Amino acid sequence: MKVDLFAVGSTPFDETEFARRRRVPVREAETLVLKSPENTVLRKLLWDRDGGFVSNTQWRDVVAVLRVSGADMDAAYLTTWAKRLKLTDLLERAKGGSSTVSAQ
């Protein structure tokens with residue numbers, strides 16, 4: 001099992017990302033605090049774009065999260081933040097299910 005831990009940043013997106021975390025029960029009286037699937041998609045799109053699209057890992061993860069959780073996601077939140085973060089084109093491509101993305 002792999003677990004990634006991140007400190008909260010200081011941007012408005014960092015703050016809303018942290019505020020939208022979810023507590024998920026895993027065992028009796030035990031919970032995990034997880035990032036929302038919407039924020040997972042947005043953060044991974046940011047990492048992929050800012051990293052120059054050199055790895056398909058982030059993109060594959062985005063497509064998988066959209067496939068598994070897309071119907072239950074807050075579409076308005078996802079669209080609003082994709083626009084603010086200048087990720088709209090990437091998000092639309094990912095929603096189409098393409099398994100790869102290349103630098104624009």
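Each value in this text was obtained by applying a stated rule to the coordinates, not by laboratory testing. Values in this document were obtained by computation on a predicted structure and should not be read as measured data. Cβ coordinates were reconstructed from backbone atoms using ideal geometry, including for glycine residues, and neighbour counts include every protein chain displayed.
Secondary-structure-derived ellipticity at 222 nm for the chain, considering helices only, amounts to -15000 deg cm²/dmol, per-run term -39500 (n - 2.57) for DSSP H runs with n ≥ 4. The ranking of PHE6, PHE18 by Cβ neighbour count inside 10 Å, starting from the fewest, reads PHE6, PHE18. Per residue, the convex hull spanned by the Cα atoms of segment 12-95 amounts to 105 cubic angstrom.
Modelled spin labels at ALA29 and ASP72, positioned 7 Å past Cα toward Cβ, are 2.7 nm from each other. As a proxy for reagent exposure, ranking LYS44, LYS95, LYS83 by other Cβ atoms within 10 Å from fewest up yields LYS83, LYS95, LYS44.
Between 0 and 90 degrees, the angle of helix 75-84 with respect to the longest Cα principal axis of the chain falls at about 60 degrees. Counting only C-alpha contacts under 8 Å and six or more residues apart, can you give the relative contact order of the chain as a whole percent? For the chain, the relative contact order is 24 percent. Taking 16 Å as the straight-line reach from the Cα of LYS35, the aspartates and glutamates in range (excluding those fewer than 8 positions away in the same chain) are ASP4, ASP14, GLU15, GLU17, ASP61, ASP72, ASP74.
Roughly how tilted is helix 57-69, in degrees to the nearest 10 and between 0 and 90, from the longest Cα axis of the chain? The angle comes out near 60 degrees.
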